[in-house]
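Report on one structure; see the data block that follows.
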Amino acid sequence: MAGKQIEIETKDGKAKAGLFRPSAKARAGVILYMDAFGPRPALDEMAERLAGNGYAVLVPDLFYRNAPYGPFDAKTAFTAEETKTKLMALVTGTTQEMTIRDSAAFLDAFAAEGIDGPIGVVGYCMGGARALNAAASYADRIVAAASFHGGNLASDAPDSPHRKAASIEARLYIGVAGIDRSFPPEQSARLAEALRVAEVDHVIENYVGVGHGWCVKDHGVYDEAGAERHWKRLTTFFAETLG
C-alpha cells in the first residue's frame, strides 16, 4: 500500500488528509472519519489495513480549521484536565454542519486523484455521526456507511443523524459498545425506530463487554478480540456494498 499526505481545498480553507491506496487499482473509495484525537499513526494503520482490501482510503483532518493542535495521547487526553479542555473545544467547535460541508470536498478528492467507483464511509467516536450525516447529505454518492462506538447518533440535538434517516439511501452498519455513555440504550432504540420507519437497510450490533473506543489500537480501552470482530464485520460489509 502507498500512503501520502494531500491538501483538500474546502469552502473554509485547506484540510490535510492521508490518502492510502492499494497496490492494484482501487475498486472503491472510503472516507474514514476520525475519532476525537485527530489523525495519527493508529488511524493511518487502520487506513492501510482497509487499503489492503482493495480500497483507496482518505483520512481527513476534521479539525483543520484549528490547526496546528495536539498531538494527543488517546489513553490520557480525556483524563488530564488541560488536554480535555483543548479536545472538547476542538470537538464542539467543529460542528456537524461543518463536516457535512467539508465532505463534498472529501468526495471530490477521490476524482481528483483518479479514483472512481462507489464510495463508502466509516466513522469512529465523533466520526460515527459524521459518517451517517454524510450518507444522508450525499445519498447519490455514498452507498455504504458504518459507525463504530459513534456517540449521539440519536440525541435531542437538531443535527442528530437519526433526524435525517429519510434521506439515507446507503446501507448502514452500526457497531455499538456494550457500555457507552455517549450512546445509551434509549438512543439506540430511537435510531433503530427512525431507520425502520425510513426503510433504511441497516444493522445495529451490540459488542457486549467492550467500551467506547475499543476498535482503535492506541485507545485505553482497546480490545483486540473486539477489534478483530469489528474488522471482520467492516470488511464483509464493504465487500457486499462496494465490491
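Can I31 be described as touching a Phe, Trp or Tyr at 6+ places or on another chain (Cβ under 6 Å) and of a type in the set (V, I, T)? Against the criterion (touching a Phe, Trp or Tyr at 6+ places or on another chain (Cβ under 6 Å) and of a type in the set (V, I, T)), I31 qualifies. Name the residues in region 74-96 that are assigned to a loop (DSSP other than H, G, I, E, B) and out of contact with any Ser or Thr (no Cβ under 8 Å at 6 or more places or on another chain), would you? Hits for region 74-96 are A74, K75, F78, T79, A80, T94, T95.
Residues that are modelled with pLDDT under 95, in contact with a helix residue (DSSP H, G or I) (Cβ under 7 Å, 6 or more places away or on another chain) and among the aliphatic types (A, V, I, L, M) occur in region 1-21; there is at least one.
Picking from residues in region 38-52 that are open to solvent by 60 Å² or more (accessible area, probe 1.4 Å) and of a type outside the set (K, R), the one that is nearest to K16 (Cα to Cα) is P41. Which of the residues spanning region 147-189 are within 15 Å of the chain's Cα centre (by Cα), under 12 Å from G128 (Cα atoms) and among the aliphatic types (A, V, I, L, M)? Within region 147-189, L153, L172, I174, V176 meet the criteria.
Please specify each residue of region 212-243 satisfying the condition of being surrounded by fewer than 18 Cβ atoms within 10 Å (Cβ to Cβ) and among the small types (G, A, S). Answer for region 212-243, where residues must be surrounded by fewer than 18 Cβ atoms within 10 Å (Cβ to Cβ) and among the small types (G, A, S): G220, A225, A239, G243. If you go through region 140-154 and keep only what is open to solvent by less than 20 Å² (accessible area, probe 1.4 Å) and free of Cβ contacts under 8 Å to residues at least 60 places away in the same chain, you end up with I142, A145, S147, G150, L153, A154.
The values are calculated or read from the model by the stated rules, or taken from the named source; none is laboratory data. Just so it is clear, the model here is predicted, and its values are computed rather than measured. Cβ coordinates were reconstructed from backbone atoms using ideal geometry, including for glycine residues, and neighbour counts include every protein chain displayed. Just the protein is used for accessible areas: all its heavy atoms, side chains included, with ligands, DNA and RNA removed. Shrake-Rupley method; radii C 1.70, N 1.55, O 1.52, S 1.80 Å.
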